[in-house]
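The values are calculated or read from the model by the stated rules, or taken from the named source; none is laboratory data. None of the values given here were measured: they were computed from a predicted structure. A quick note on method: Cβ atoms are made from the backbone with ideal geometry, for glycine too, and the neighbour counts reach across all protein chains shown.
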Amino acid sequence: MAVINPPKLPSLLLNKGPKGGYYVYTYQNIWDADKKRSRRANSKKVGVILNGGKEGLIKWDEHFIKDYPELEHLDVFREGRKYVFKAKEPQINSLDFYKNTKIYHAGATFALDYIVSQSNIGKALSRVFFKYNNYLKILSIAYYLILCKNNNISQFEEFSECTRLPYQRVLSPSSIYRLFERIDEEKVDRFIEIMNDYYFKNRDENDYVYLAFDSTSISTYSPNLRFADFGKNKDGDDLYQYNVLMLVEQDSGIPLFYRAYNGAVPDIVTLRRTIADATRLKFNKNIVFVCDKGYPSASNIDDCLRNNISFVFNMRTNIKNCLIQQEIDGAYNRLISRASFNKKLNQHVYTVKLKWKYASTLVEGKNRRFDEEKELFLHFYYDPDLRFSSEKAINYNAATVCELLALPENCG
């Protein structure tokens, strides 16, 4: 039998309603100096006895559950003058329980259950959000977002009434609001740490882990959200937005890291914060960031080298203090020659070694001293089919030495 730890509730009393039925109230005892005795004051309705009598199961008001969230998982009965606490019946994730009462949509959620069971997402969620079965609630909401392709959470209640979910009780909008309130940054960091522990513990410590580094903007009509602001909207909407960045593992496609950012923050700025978070959260030392053209800059390359983070960057020619265009011009004739054609990639490929100088430490208020040097590889890719549109229609990537020294063509 599960051990019940009932919450310490305030003083309660029972009053009969004008139309019958009994309601539960909180109250305070206040000393009346004139009458030299205590009296009840500040009474407030907090619940009702469902069967209409003086004894039975209590249905608590939403505001009272918000003050005492433990009640969400307990059935409270009034018996005589006592209040008896019992654990609510455990959730049953089988359609057999419902076959005689109601038909539930289940095929897609069974498939999602299988996907979750094959990954470490469910394990990590249950370790961090175990209280009040929050991890089951989070999974249920995630199923709704995936299956309905709709982020209007007000429709979740209707969806959950006809769909078999990890958490079988219907969640009201106020319950979901309280759930989101309990997800703070500390819990998010803990979840990310556990996900990475699960992922890296069975891998060879010398293996390189390639993480796709990208972000998206999510539009919103509400200017009151924490990160809502105007920025470069990737959907072309003229709306407030917030940005979500993720690091996605190459083999499984599972995000091992995510962060929400202010909608006005450009992509190029988020890389430095992610490097700091990756160091703080003790990411595996052999991670390799794979980024598109929105993220490379001279300072971001310096930050990666300074923190021993490997990377594959899709470079731009207009990066300050980078002679990318000069390198393209110097290698162009060799790149378009037959000797540069790689059958495996079915493209022309040419590689140039670079000596990249950077400051090993940064001191505020002082000029940078470029006292460190790293050998990088600049890979040029050429597609003759695009030549008619531009003589320099080339994708070019820079990558740190690491194991890429032996097989530079695998960096692209």
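Quick notes
- Residues in the range 134-189 that are of a type in the set (S, T, N, Q), surrounded by 13 or more Cβ atoms within 10 Å (Cβ to Cβ), assigned to a helix (DSSP H, G or I) and in contact (Cβ under 8 Å) with a residue 60 or more places away in the chain: 175 alone.
- All of 170, 116, 128 fail the test of being farther than 26 Å from residue 63 by Cα and out of contact with any strand residue (DSSP E or B) (no Cβ under 7 Å at 6 or more places or on another chain), apart from 116.
- Residue check, residue 358 among the hydroxyl-bearing types (Ser, Thr, Tyr), farther than 21 Å from residue 272 by Cα, assigned by TED's automatic domain parsing to the domain that holds residue 384 and out of contact with any Cys (no Cβ under 9 Å at 6 or more places or on another chain): no
- Residue match in the range 110-120 (condition: at pLDDT below 85, farther than 22 Å from residue 171 by Cα, hydroxyl-bearing (Ser, Thr, Tyr) and not in a helix (DSSP H, G or I)): yes
- Selection of the range 262-282 for residues being of a type outside the set (Val, Ile, Thr) and out of contact with any helix residue (DSSP H, G or I) (no Cβ under 6 Å at 6 or more places or on another chain) yields 262, 263, 264, 266, 267, 273, 276, 277, 278, 280, 282.
- Test result for residue 154, over 20 Å from the mean Cα position of the chain (by Cα) and hydroxyl-bearing (Ser, Thr, Tyr): yes
- The number of residues in the range 373-394 that are modelled with pLDDT under 70 and of a type in the set (A, V, I, L, M, F, W, C) comes to 4.
- Filter result for residue 342 (in contact with a strand residue (DSSP E or B) (Cβ under 6 Å, 6 or more places away or on another chain) and more than 20 Å from residue 292 (Cα to Cα)): yes
- Residues of the range 247-257 that are surrounded by fewer than 16 Cβ atoms within 10 Å (Cβ to Cβ) and either without any contact (Cβ under 8 Å) to a residue 40 or more places away in the chain or not assigned by TED's automatic domain parsing to the domain that holds residue 214 (or both): 251, 253.
- Residue check for residue 113: surrounded by 13 or more Cβ atoms within 10 Å (Cβ to Cβ), in contact (Cβ under 8 Å) with a residue 40 or more places away in the chain and closer than 30 Å to residue 74 by Cβ: yes
- Those residues of the range 194-235 which are farther than 25 Å from residue 127 by Cβ, crowded, with 16+ Cβ neighbours inside 10 Å and among the β-branched types (Val, Ile, Thr), in sequence order: 218, 220
- Flag if residue 243 is of a type outside the set (Asp, Glu) and at pLDDT below 85: no
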